Amino acid sequence: MEVILKQDIHNLGYKHDVITVKNGYGRNYLIPKALAIVATEQNKKITAETQKQRAFKDEKIRKEAQKVADGLNNIILKVGAKASTTGKIFGSVNNLQIADAIKQQFNFEIDRKKIIVDGESIKELGTYSAKVKLHKEIQIQVKFEVVAE
């Protein structure tokens with residue numbers, strides 16, 4: 001079944017992409033949750049016209065994302081967490097704390113959903129990395145250090 005995505009979906013595609021999925025996944029999940037529409041000829045034409053009109057805006061967004069990527073390149077964030085004397089964190093560090101640290105330390109506003117932490121979860125002090133997807137073409141690795149507060 002071919003569908004047109006209405007928003008970016010991790011591991012599936014980006015907004016306005018025409019993708020092929022299994023019938024059940026399309027009919028029972030993507031379409032009822034308004035994440036996609038059926039890719040009929042008319043919907044494909046409408047999407048193509050929309051993409052033509054958005055090309056200029058997308059270029060501007062890509063340039064802004066590149067500017068943010070250049071600003072975050074080769075930096076090390078400091079993320080504070082409450083920890084025991086053995087180095088174990090009370091709780092864990094996730095993408096929300098990383099997004100807050102980027103905003104506080106470098107004044108870049110990044111949606112927490114665009115930050116993917118490498119590995120399962122962070123429960124100890126140390127240095128880790130996360131992938132930040134700023135644009136469909138621009139992804140960067142951000143190193144961060146978890147320190148005790």
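In table form, for the structure just shown:
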| item | result |
| --- | --- |
| Checklist (1) in a helix (DSSP H, G or I); (2) farther than 30 Å from Leu125 by Cβ; (3) within 19 Å of the chain's Cα centre (by Cα); (4) not hydrophobic (A, V, I, L, M, F, W, C) applied to Gly24, failing item | (3) |
| Number of positions in the stretch 79-136 that are assigned to a loop (DSSP other than H, G, I, E, B) and surrounded by 13 or more Cβ atoms within 10 Å (Cβ to Cβ) | 7 |
| Test: residue in the stretch 98-107 that is touching a strand residue (DSSP E or B) at 6+ places or on another chain (Cβ under 9 Å), at pLDDT below 90 and aromatic (Phe, Trp, Tyr) | yes |
| Options Ile9, Ile46, Ile89, Ile19; residue that is hydrophobic (A, V, I, L, M, F, W, C) and assigned by TED's automatic domain parsing to the domain that holds Leu134 | Ile89 |
| Yes/no for Gly80 being more than 26 Å from Tyr128 (Cβ to Cβ) and within 24 Å of the chain's Cα centre (by Cα) | no |
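The values are calculated or read from the model by the stated rules, or taken from the named source; none is laboratory data. What you see is a predicted model, and the numbers here were worked out from it, not measured in a lab. Reconstructed Cβ throughout: ideal geometry from the backbone, glycine too, with neighbour counts over all protein chains shown.
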